[in-house]
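Colleague: Let me give you the structure first, and then I'll get to my questions.
The values are calculated or read from the model by the stated rules, or taken from the named source; none is laboratory data. Here the structure is a predicted model, which is why all the values come from computation and not from measurement. Note that each Cβ is placed from the backbone with ideal geometry, even for glycine, and that neighbours are counted across all protein chains shown. SASA here: full protein model, heavy atoms, side chains in, ligands and nucleic acids out. Shrake-Rupley method; radii C 1.70, N 1.55, O 1.52, S 1.80 Å.
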2 protein chains.
Amino acid sequence: MNIDLIRAAAARLEGRTRRTPLLSSPFLDEIAGRRVLIKPECLQHTGSFKFRGAWSALTALTPQERAKGVFAYSSGNHAQGVALAAKLNGVHATILMPRDAPKLKVANTRALGAKVVLYDRASENREEIGVALAKESGQTLIKPYDNPQVIAGQGTTGLEIAQQADGCANAQVLVPCGGGGLTSGIALALEAKAPQMQVRPVEPIGFDDVARSLISGTIQTNPRTTGSLCDAIITPAPGDLTFPILQRLCGPALTVSDEDALRAMAAAFTRLKIVIEPGGAVALAAALYHPDTITGDTVIVVASGGNVDADLFTQALSRFGDGS
Amino acid sequence: MNIDLIRAAAARLEGRTRRTPLLSSPFLDEIAGRRVLIKPECLQHTGSFKFRGAWSALTALTPQERAKGVFAYSSGNHAQGVALAAKLNGVHATILMPRDAPKLKVANTRALGAKVVLYDRASENREEIGVALAKESGQTLIKPYDNPQVIAGQGTTGLEIAQQADGCANAQVLVPCGGGGLTSGIALALEAKAPQMQVRPVEPIGFDDVARSLISGTIQTNPRTTGSLCDAIITPAPGDLTFPILQRLCGPALTVSDEDALRAMAAAFTRLKIVIEPGGAVALAAALYHPDTITGDTVIVVASGGNVDADLFTQALSRFGDGS
C-alpha cells in the first residue's frame, strides 16, 4: 500500500466519483471553538464514501474476474457502493447483509441490481460465510476494507482534502472508523500530500477496537457487534491490512456516544443542510462536543455517509431540534 | 443587465461563495423518467443562493455607502445572505422580516449580527416600510431581486450550471421563482454560455404571479402573500427589472402543490442526502411528479434553499417516508 496505488485509483475514479465540496458554518465554528471544515461524503454516489473503494476495486479486476462476478459482505454502505459500481461496469454482484441492517440500505442494494443474501449478525460470522460462498461461486470477494484497491479508492478522499484544505497544514483530520479502510486510505494520501496533518479515528463508545488496538499495539476486537446506532462502523476489529497503516500514521483515537452522534446529525441538518447517518456523524460529534480532546485552530471532519432511515433521523431532530 | 455584470460578480465571488456540486441519483432518474441533475444551493453559505447576490451587492458599494450600512427586507433567505455578507465586509445591516417567517431564519439573521425589525405580512407593505426606513437611516436598500448586482450574483449559479452540465446543451432548467432574481440571473448567464438551454420558473399553486405575467405579457400580482409552505418564493409579483428578462428568456412556467414540495423534500432526504425547504423544492417536485410537462432527456433543477424548521421537515418525512 502506497501513494502510487491511490494516485492510480484517483485516475480511474476521475469523472466517475463525485468530488465532494468542503463545507463549514460560523454556527458550528462557534460550538466547536475553532474552525470546522466538513467533507460530506454523504453526497457521494450511493450516499457514502464506499462508492470510491468499490469503483476502484471493480475497475482493477481482470476481464476473467469481471465475467465471474463479485461478492461482498456489508452492513449496507459497502453493499450499495459495490452494487452500483458493479452495475455501471456490467458485473454481476452478490451481497451478504445482516438481517438487522437499515431497511433503506437493503432495499437500495437490491434496487441497484445486486442479489442480496441475509445473515444473522449475532450468531453468524460474515467473513466465514463470505469466503465460503465466494469460493463456491467463483466470484471475487471484495472485502469492505482489507483490500488494497478498496483502501486506495477511499484514499482519494484524502487527496481531495489535501487540495481543498490547502491553508490548514497542521489540522487534525477526524475520520469515522470501522475497519479502517477510509481512515488508512486518507492517512496514506495525507502522508504524501499534507504530512503535517494528523489523522484521528473516531468510534462509538463500547466499539472502540481501533482505539484499544492503537494503545496496545496489537489488533483488539469488539466484545459485541450489535448495540450501537452507528451500524456503519461497528466492525469486529481493524483489518490485517489497515491496522499497520493506522498504527504507523494515525491516532490517538476518539470515542463518542450514540447521543453525541444524533445531536451532530441535528446540527448538520440545521447548519450544513446535509443528511448524515449516526456512524457518519461521529467525527463531527467529536469536533463539536469534545473540543478539549482536539488541538489546533482548524479541525477537518469527514461525514462519511448519509444512509439513515427517516424514523431515526426524525428521532434525532425531535430530541435535539436545531442541534445547537 | 448583461453577461458582463455577471462575469464581474463571479470575479468578486471567487473563493467567497461555494461552488455547489451537481448531484444526481438513479432512483430520482427512475421517478422522473429522465436524467435529473440537481444544483443544491441549500449547500451555499447561509443555506441558500441568496448569499451570492448579497455578496455581489455588498462588494459593489462605495466606501461611503459601506460606512452608512445596508437595509434589506426578506422572508428570511435574503436576510441571512445580507447579514453574513455584511458581517464579512464589516458593514452594519438592518433587516425587515415578516412576523411569520420560519423561526430559524429570524434567529440566524440575528445571530449573524444584523438588527432585525419585524412586520406583519398580511397588513403591511414591506417595500413601503423598507424604502421609508432606508431613507430615514441613510442606509442603502439592498432589494431582494430588483437590484442589478443582486441579479448578477444569482446569475453566477447559471455560469456554474453551464460548466457543470456541459454535455446537456438542450436541457430544460427548472428554477424556484419568487421575485425572479435567481431565475433571471441564471437565464442571462445561460443565454451567453448555453443558449440552447430553456429556463423555466416554478411556483407554488395559487402564487403563480410569474406564470400569469408571462402569459399576459404584463406584471401580475398574487392575490395573497400568505397561505403556502413555500415562504421563500411567495413574493407579491415579479420585479420591474426581472420581469423583462423573464419575458425575453424564460418560460413556460410550472406550478406545483405544497404537497408535491414536501414529497420532493423527502425524496431529496433519501436520495441526495440534502435538506431542502419547501420553496427550494418546487423545481425538483416539478421534475419528479410532473414529468409530462417537461421535455428532453435531461432536466436540471435548482434546489434553491434549505432553511426549514425541524418540525416541518419531520412532517415531510412522516407523510412521505422515503419519498419514492
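Colleague: Looking only at the stretch B:65-75, decide whether some residue is under 30 Å from B:GLU124 (Cα atoms), over 20 Å from the mean Cα position of the chain (by Cα) and hydrophobic (A, V, I, L, M, F, W, C). Break it down stepwise before answering.
Modeller: Quick first cut of the stretch B:65-75, residues under 30 Å from B:GLU124 (Cα atoms) only: B:65-75.
Still in the running and over 20 Å from the mean Cα position of the chain (by Cα): B:65-70.
Remaining after also requiring hydrophobic (A, V, I, L, M, F, W, C): B:67, B:70.
Within the stretch B:65-75, one or more residues are under 30 Å from B:GLU124 (Cα atoms), over 20 Å from the mean Cα position of the chain (by Cα) and hydrophobic (A, V, I, L, M, F, W, C).
Colleague: Just one of the numbered conditions (1) under 30 Å from B:ARG319 (Cβ atoms); (2) at pLDDT 95 or above is not true of A:CYS230; which one?
Modeller: Unmet for A:CYS230, out of (1) under 30 Å from B:ARG319 (Cβ atoms); (2) at pLDDT 95 or above: (2).
Colleague: For the stretch B:140-165, which residues satisfy the criterion of being over 22 Å from B:ARG126 (Cβ atoms) and either out of contact with any strand residue (DSSP E or B) (no Cβ under 7 Å at 6 or more places or on another chain) or not assigned by TED's automatic domain parsing to the domain that holds B:ASP297 (or both)?
Modeller: Of the stretch B:140-165, the ones over 22 Å from B:ARG126 (Cβ atoms) are B:152, B:155-165.
Passing the criteria: B:ALA152, B:GLY155, B:THR156, B:GLY158, B:LEU159, B:GLU160, B:ALA162, B:GLN163, B:GLN164.
Colleague: Within the stretch B:56-76, work out how many residues are touching a Gly at 6+ places or on another chain (Cβ under 8 Å) and either open to solvent by 10 Å² or more (accessible area, probe 1.4 Å) or free of Cβ contacts under 8 Å to residues at least 24 places away in the same chain (or both).
Modeller: Count: 2.
Colleague: List the pairs whose first member sits in the stretch B:13-38 and is within 14 Å of B:PRO291 (Cβ to Cβ) and not assigned by TED's automatic domain parsing to the domain that holds B:THR293, whose second member is modelled with pLDDT of 95 or more and outside any strand (DSSP E or B), and whose Cβ atoms are under 7 Å apart, counting only residues at least 6 apart or on separate chains?
Modeller: Short answer, once both residue conditions are applied: none.
Colleague: Still on this structure, I have one more. Return yes or no: is B:PRO238 open to solvent by 30 Å² or more (accessible area, probe 1.4 Å) and either modelled with pLDDT of 95 or more or touching a Gly at 6+ places or on another chain (Cβ under 6 Å) (or both)? Talk me through it step by step, then tell me what you get.
Modeller: On the way: open to solvent by 30 Å² or more (accessible area, probe 1.4 Å): no; either modelled with pLDDT of 95 or more or touching a Gly at 6+ places or on another chain (Cβ under 6 Å) (or both): yes.
So B:PRO238 fails the test.
Colleague: Here are B:CYS177, B:CYS168: which of them is outside the structural domain of B:ALA101 (by TED's automatic domain parsing), more than 21 Å from the chain's Cα centre (by Cα) and open to solvent by less than 40 Å² (accessible area, probe 1.4 Å)? It would help to see each step written out before you state the result.
Modeller: Numbers: B:CYS177 fails: more than 21 Å from the chain's Cα centre (by Cα).
Going through B:CYS177, B:CYS168 in turn, just one is outside the structural domain of B:ALA101 (by TED's automatic domain parsing), more than 21 Å from the chain's Cα centre (by Cα) and open to solvent by less than 40 Å² (accessible area, probe 1.4 Å): B:CYS168.
Colleague: Another question, if that's okay. Which of the helices (runs of 4 or more DSSP H) found entirely inside the stretch B:243-324 contain at least 1 residues meeting this: touching a Gly at 6+ places or on another chain (Cβ under 7 Å), open to solvent by 10 Å² or more (accessible area, probe 1.4 Å) and not hydroxyl-bearing (Ser, Thr, Tyr)? Don't jump to the end; show me each part of the working.
Modeller: Numbers: elements: B:258-271, B:278-289, B:310-320.
In the stretch B:243-324, B:258-271, B:310-320 are the helices (runs of 4 or more DSSP H) which contain 1 or more residues that are touching a Gly at 6+ places or on another chain (Cβ under 7 Å), open to solvent by 10 Å² or more (accessible area, probe 1.4 Å) and not hydroxyl-bearing (Ser, Thr, Tyr).
Colleague: Applying the selection to the stretch B:210-226, what residues are part of a loop (DSSP other than H, G, I, E, B), open to solvent by 60 Å² or more (accessible area, probe 1.4 Å) and out of contact with any helix residue (DSSP H, G or I) (no Cβ under 8 Å at 6 or more places or on another chain)? Lay out the reasoning, then the answer.
Modeller: Going residue by residue through the stretch B:210-226, those that are part of a loop (DSSP other than H, G, I, E, B) are B:217-226.
Then keep just the ones that are open to solvent by 60 Å² or more (accessible area, probe 1.4 Å); that gives B:218-219, B:221, B:223-224.
Of everything in the stretch B:210-226, those that are part of a loop (DSSP other than H, G, I, E, B), open to solvent by 60 Å² or more (accessible area, probe 1.4 Å) and out of contact with any helix residue (DSSP H, G or I) (no Cβ under 8 Å at 6 or more places or on another chain) turn out to be B:THR218, B:PRO223, B:ARG224.
Colleague: Filter the stretch A:180-200 for residues that are polar (S, T, N, Q) and over 15 Å from the mean Cα position of the chain (by Cα); which is most open to solvent (accessible area, probe 1.4 Å)?
Modeller: Selected residue: A:GLN196.
Colleague: Oh, and also: Could you tell me whether the stretch B:201-209 includes any residue that is acidic (Asp, Glu), open to solvent by 10 Å² or more (accessible area, probe 1.4 Å), touching a His at 6+ places or on another chain (Cβ under 9 Å) and not assigned by TED's automatic domain parsing to the domain that holds B:ASN77?
Modeller: The answer is no; no qualifying residue exists.
Colleague: Residue check, B:ILE300 against (1) more than 14 Å from chain A (Cβ to nearest Cβ); (2) modelled with pLDDT under 95, all met but one. Which one?
Modeller: (2)
Colleague: Among the residues in the stretch B:74-85, are any at pLDDT 95 or above, out of contact with any strand residue (DSSP E or B) (no Cβ under 8 Å at 6 or more places or on another chain) and not assigned by TED's automatic domain parsing to the domain that holds B:VAL275?
Modeller: Checking the stretch B:74-85: at least one residue is at pLDDT 95 or above, out of contact with any strand residue (DSSP E or B) (no Cβ under 8 Å at 6 or more places or on another chain) and not assigned by TED's automatic domain parsing to the domain that holds B:VAL275.
Residues checked against (1) of a type in the set (D, E, K, R); (2) within 14 Å of chain A (Cβ to nearest Cβ):
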position: B:LEU28; (1), (2): no, yes
position: B:HIS45; (1), (2): no, yes
position: B:LYS50; (1), (2): yes, yes
position: B:GLY53; (1), (2): no, no
position: B:SER56; (1), (2): no, no
position: B:SER74; (1), (2): no, no
position: B:VAL116; (1), (2): no, no
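Colleague: Within the stretch B:95-127, track down each residue that is crowded, with 17+ Cβ neighbours inside 10 Å and among the basic types (Lys, Arg).
Modeller: Correct list: B:LYS105, B:ARG121, B:ARG126.
For (1) within 14 Å of chain A (Cβ to nearest Cβ); (2) among the hydrophobic types (A, V, I, L, M, F, W, C); (3) within 21 Å of A:LYS273 (Cβ to Cβ); (4) more than 20 Å from the chain's Cα centre (by Cα), each residue gets a yes or a no:
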{"site": "B:GLY227", "(1), (2), (3), (4)": "no, no, no, no"}
{"site": "B:CYS230", "(1), (2), (3), (4)": "no, yes, yes, no"}
{"site": "B:PRO238", "(1), (2), (3), (4)": "no, no, no, no"}
{"site": "B:LEU246", "(1), (2), (3), (4)": "no, yes, no, no"}
{"site": "B:SER257", "(1), (2), (3), (4)": "no, no, no, no"}
{"site": "B:ALA266", "(1), (2), (3), (4)": "yes, yes, yes, no"}
{"site": "B:SER304", "(1), (2), (3), (4)": "yes, no, yes, no"}
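Colleague: Another question, if that's okay. Does the stretch B:101-111 include one or more residues that are of a type in the set (Ser, Thr, Tyr), at pLDDT below 95, in contact with a helix residue (DSSP H, G or I) (Cβ under 6 Å, 6 or more places away or on another chain) and closer than 23 Å to B:LYS87 by Cβ? Don't jump to the end; show me each part of the working.
Modeller: As a first pass, look at the stretch B:101-111 and keep what is of a type in the set (Ser, Thr, Tyr): B:109.
This time we only want the ones that are at pLDDT below 95, so: B:109.
Checking the rest, the ones that are also in contact with a helix residue (DSSP H, G or I) (Cβ under 6 Å, 6 or more places away or on another chain) come to B:109.
With closer than 23 Å to B:LYS87 by Cβ added as a condition, the list becomes B:109.
Scanning the stretch B:101-111 turns up at least one residue that is of a type in the set (Ser, Thr, Tyr), at pLDDT below 95, in contact with a helix residue (DSSP H, G or I) (Cβ under 6 Å, 6 or more places away or on another chain) and closer than 23 Å to B:LYS87 by Cβ.
Colleague: Are any residues in the stretch B:110-168 assigned to a loop (DSSP other than H, G, I, E, B), more than 16 Å from B:THR235 (Cα to Cα) and of a type in the set (D, E, K, R), and if so, which ones?
Modeller: At the first step, the residues of the stretch B:110-168 found to be assigned to a loop (DSSP other than H, G, I, E, B) are B:112-114, B:120-125, B:138-139, B:142-147, B:165-168.
Checking which are more than 16 Å from B:THR235 (Cα to Cα) leaves us with B:112-114, B:138-139, B:165-168.
Listed by number, the list holds a single entry, B:ASP166.
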